[in-house]
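A.B. asks: Got a structure for you, questions after.
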Amino acid sequence: MSESSKIVVLAGGIGAAKLINGLIVVLPEENFQIIVNTGDDIELFGLKICPDLDIITYNIAGIVDKNKGWGFENDNFNCLNILKKYYDFNWFNIGDKDAATHIFRTDLMNKGISKSEATKTICNKLGVKCEIIPMTDTWVETHIITPRGDIHFEEYFIKYNTNILVKDVIFNGIDKAEPVKGVLKKIEKAKKIIICPSNPIVSIKPILEVKGIRDTLKKVKNKVIGVCPLIKGAPVKGPTDKLMKALNLEVSAFGVAKYYADFLGHFIIDKQDKKIKPQIEKLGIKTYTYDTLMKNLQKKVALAKYIINLNI
Ligand code: GDP
């Protein structure tokens, strides 16, 4: 299959996985090249943990815990319970089966294999046929600046359950982050590029800041289609509103459109936001309204079909 008939997808975690679940029903998995945020990656217990990469991989492999949206289905936490005793640590959750992925990835990476190659191997072993590509092979960590100091994004998200004031968001290591070899070409050649309904600040922005990615997207703006992660000015889940507010951005579909305006050609907003469509179009972005609340597989597939069939 030629690169020019493929679709590039920019993805965070759970919001992105919902749309991807629909996309792979509409077209065979081989059609998709998914560039995934790795800013949430964290090292704990000596293990290299990549939450968004694993959420996307497990979803496509059909083994994800559907209630939680992350980790393996039917998992146990026996290993974690002992780790908690040893490390006197209690806020991060890793299931026993999930731990096997982290052990395998860490083992490969400790042997000098890159994160992207390790991801490829994990995908092959789990039967995933999409190309899942980390945004970079270098280590980038998203940190949240709070009045209590600088904390890892996962600490903000899990330990504090996002209930701590955000002063700023930074991506440690981003200055040195190069895209994985061939990724810019894939973006240039793709038939379409889909920006998933993911958190714009901590899932999409780190990907955009990897050297060359934002500039390449600008060059092919007419092929870039975003799906808004806010409906009636509110996230379906997660701290998108809190983080946008902290960065003085308007918490609305318009605010997201403005944030993406330099590289976004097309934007799908929820039908409940149709009133702000003209305001977004004034930014030079072709705007469409659709039911974007992906409550079940049927709705995921319907939105995916709408995007795939969009005549751009
Ligand atoms: P994570 O799941 O926390 O890793 O974060 P993501 O970056 O994947 O996505 C969180 C964003 O996805 C939030 O802004 C949610 O509002 C958005 N989201 C989740 N589910 C849906 C949905 O069904 N429809 C739309 N439009 N957005 C969604």
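The values are calculated or read from the model by the stated rules, or taken from the named source; none is laboratory data. Fair warning: this is a prediction, and the values are worked out from it, not measured in the lab. A quick note on method: Cβ atoms are made from the backbone with ideal geometry, for glycine too, and the neighbour counts reach across all protein chains shown. Note: areas computed on protein heavy atoms with side chains; ligands, DNA, RNA excluded. Shrake-Rupley method; radii C 1.70, N 1.55, O 1.52, S 1.80 Å.
A.B. asks: Return the single residue from Val36, Val236, Val64 with maximal mean-square fluctuation; model: Gaussian network over the chain, springs between Cα atoms under 10 Å.
C.D. replies: Residue with maximal mean-square fluctuation among Val36, Val236, Val64: Val236.
A.B. asks: How about Lys192: which lysines have a C-alpha closer than 17 Å to its C-alpha, ignoring those fewer than 8 places off in the same chain?
C.D. replies: Lys6, Lys218, Lys219, Lys221, Lys223, Lys286, Lys305
A.B. asks: Report the semi-axes of the equivalent ellipsoid for region 94-158 in whole Å, largest first, where each axis is √(5λ) for an eigenvalue λ of the Cα gyration tensor.
C.D. replies: Details: eigenvalues 145, 41, 29 Å².
Ellipsoid half-lengths, sorted descending, are 27, 14, 12 Å.
A.B. asks: Now for a different question. As a test of understanding, state the convex hull volume per residue of region 1-129 from its alpha carbons, in Å³. Don't skip to the end; give the middle numbers.
C.D. replies: Values: hull volume 14.6 nm³, N = 129.
Dividing the Cα hull volume of region 1-129 by its residue count gives 113 Å³.
A.B. asks: Once fully extended, how much extra length lies between Leu283 and Ile145, figured as 0.36 nm per residue of separation less the alpha-carbon to alpha-carbon distance?
C.D. replies: Details: separation 138, 0.36 × 138 = 49.68 nm, distance 3.09 nm.
This chain segment gains 46.6 nm when fully extended.
A.B. asks: For all pairs of alpha-carbon atoms in the chain, what percent lies in each bin of width 20 Å, listed from the first bin to the last filled one?
C.D. replies: 34, 60, 6
A.B. asks: Oh, and also: To the nearest 10 square angstrom, how much accessible area does Glu131 have with a 1.4 angstrom probe?
C.D. replies: 50
A.B. asks: At a Förster radius of 30 Å, what calculated FRET efficiency corresponds to the Cβ-Cβ distance of Ile82 and Asn163, to the nearest 0.05?
C.D. replies: Values: r = 29 Å, r/R0 = 0.96.
Result of the calculation: an efficiency of 0.55.
A.B. asks: With θ set to phi - 60°, apply the Karplus curve 6.51 cos²θ - 1.76 cosθ + 1.60 along region 12-18 and write out the HN-Hα couplings as whole Hz, x wherever there is a Gly or Pro.
C.D. replies: Running phi through 6.51 cos²θ - 1.76 cosθ + 1.60 with θ = phi - 60° gives x, x, 5, x, 5, 4, 4 Hz.
A.B. asks: Collect residues whose amide H, placed 1.01 Å from N in the peptide plane, falls under 5 Å from the amide H of Trp70; neighbours closer than 5 in sequence don't count.
C.D. replies: Result for Trp70 returns Asp65.
A.B. asks: Taking a probe of 1.4 Å, how large is the accessible area per residue of region 185-261, in Å²? Mind showing how you got there, number by number?
C.D. replies: Numbers: 2880 Å² over 77 residues.
Per-residue value: 37 Å².
A.B. asks: Further, regarding this structure: Rounded to the nearest 500, what is the chain's calculated 222 nm mean residue ellipticity when only DSSP H runs of at least 4 contribute -39500 (n - 2.57) each, over all residues? Spell out each step's value before the answer.
C.D. replies: Numbers: 12 runs with 113 residues, N = 312.
The helix contribution divided over the chain gives -10500 deg cm²/dmol.
A.B. asks: If I model a spin label at Ile103 and Asp262 as a point 7 Å from the Cα along the Cα→Cβ vector, what separation in nanometres do I get?
C.D. replies: For Ile103 paired with Asp262, the spin-label model returns 4.5 nm.
A.B. asks: Whenever you get a sec, line up Leu303, Leu293 from highest to lowest accessible area (probe 1.4 Å, protein heavy atoms).
C.D. replies: Details: Leu303 0, Leu293 55 Å².
So, going from the largest accessible area down, we get Leu293, Leu303.
A.B. asks: Follow-up. Tell me, what HN-Hα J-couplings in whole Hz come from the Karplus equation 6.51 cos²θ - 1.76 cosθ + 1.60 at θ = phi - 60° for each residue of region 91-96, using x for Gly and Pro?
C.D. replies: 9, 9, 10, 9, x, 4
A.B. asks: Follow-up. Below 8 Å, C-alpha to C-alpha, sequence gap of six or more: please give me the relative contact order for region 138-231 in percent. Display every interim value, and only then the final one.
C.D. replies: Values: 119 pairs, mean separation 26.2, N = 94.
Value for region 138-231: 28 percent.
A.B. asks: What is the extension gain from Lys295 to Asn248, computed as 0.36 nm multiplied by their sequence separation minus the C-alpha to C-alpha distance, in nm to one decimal?
C.D. replies: Working: separation 47, 0.36 × 47 = 16.92 nm, distance 2.98 nm.
Answer, rounded to one decimal: 13.9 nm.
A.B. asks: Find the eigenvalues of the gyration tensor of the Cα atoms of region 127-238, then list the square roots of 5 times those eigenvalues as equivalent ellipsoid semi-axes, largest first, in whole angstrom.
C.D. replies: On the way: eigenvalues 147, 66, 35 Å².
Each semi-axis is the square root of five times an eigenvalue, giving 27, 18, 13 Å.
A.B. asks: Something else now. Please give the length that would be gained between Ser5 and Glu178 if that part of the chain were fully extended, namely 0.36 nm times their separation in residues minus their C-alpha to C-alpha distance (nm, one decimal). It would help to have the intermediate numbers written out before the result.
C.D. replies: Values: separation 173, 0.36 × 173 = 62.28 nm, distance 2.48 nm.
So the chain would gain 59.8 nm between Ser5 and Glu178.
A.B. asks: Using alpha-carbon positions, what is the distance between the centroids of region 12-80 and region 234-288, in Å?
C.D. replies: Centre-to-centre (Cα) distance: 25 Å.
A.B. asks: While we're on this one: Read phi for every residue in region 177-185 and hand back ³J(HN,Hα) as whole Hz from Karplus 6.51 cos²θ - 1.76 cosθ + 1.60, θ = phi - 60°, with x for Gly and Pro.
C.D. replies: Once θ is set to phi - 60°, the couplings for region 177-185 become 7, 9, x, 5, 3, x, 5, 5, 4 Hz.
A.B. asks: Once neighbouring chains are kept in place and the probe is 1.4 Å, which whole percent of the accessible area of region 82-137 is contributed by carbon and sulfur? Before the final figure, lay out the partial values.
C.D. replies: Numbers: 1520 of 2940 Å².
After summing per-atom areas, the C and S share lands at 52 percent.
A.B. asks: Still on this structure, please answer the following. Express the C-alpha Rg of region 246-312 as a ratio against the empirical globular expectation 2.2 N^0.38 Å, rounded to two decimals.
C.D. replies: Values: Rg = 12.6 Å, N = 67, 2.2 N^0.38 = 10.9 Å.
Compared with the compact-globule rule of thumb, region 246-312 sits at 1.16.
A.B. asks: A further question on this structure: With a cut-off of 8 Å between alpha carbons and a minimum separation of six or more residues, what is the relative contact order of the chain in percent? Working shown, then result.
C.D. replies: Values: 589 pairs, mean separation 63.9, N = 312.
Taking the mean separation of contacting Cα pairs over the length of the chain, I get 20 percent.
A.B. asks: Compute the angle between helix 115-126 and the longest alpha-carbon principal axis of the chain, please, reported from 0 to 90 degrees and rounded to the nearest 10.
C.D. replies: So the inclination is approximately 90 degrees.
A.B. asks: Here's another thing I want to ask about it. Over region 1-78, with every protein chain in place, what whole percent of the accessible area is carbon and sulfur at 1.4 Å, could you tell me?
C.D. replies: That share works out to 49 percent.
A.B. asks: Angle check, please: helix 51-61 long axis (alpha carbons) against the longest principal axis of the chain (alpha carbons), in degrees 0 to 90, nearest 10.
C.D. replies: For helix 51-61, the angle is close to 80 degrees.
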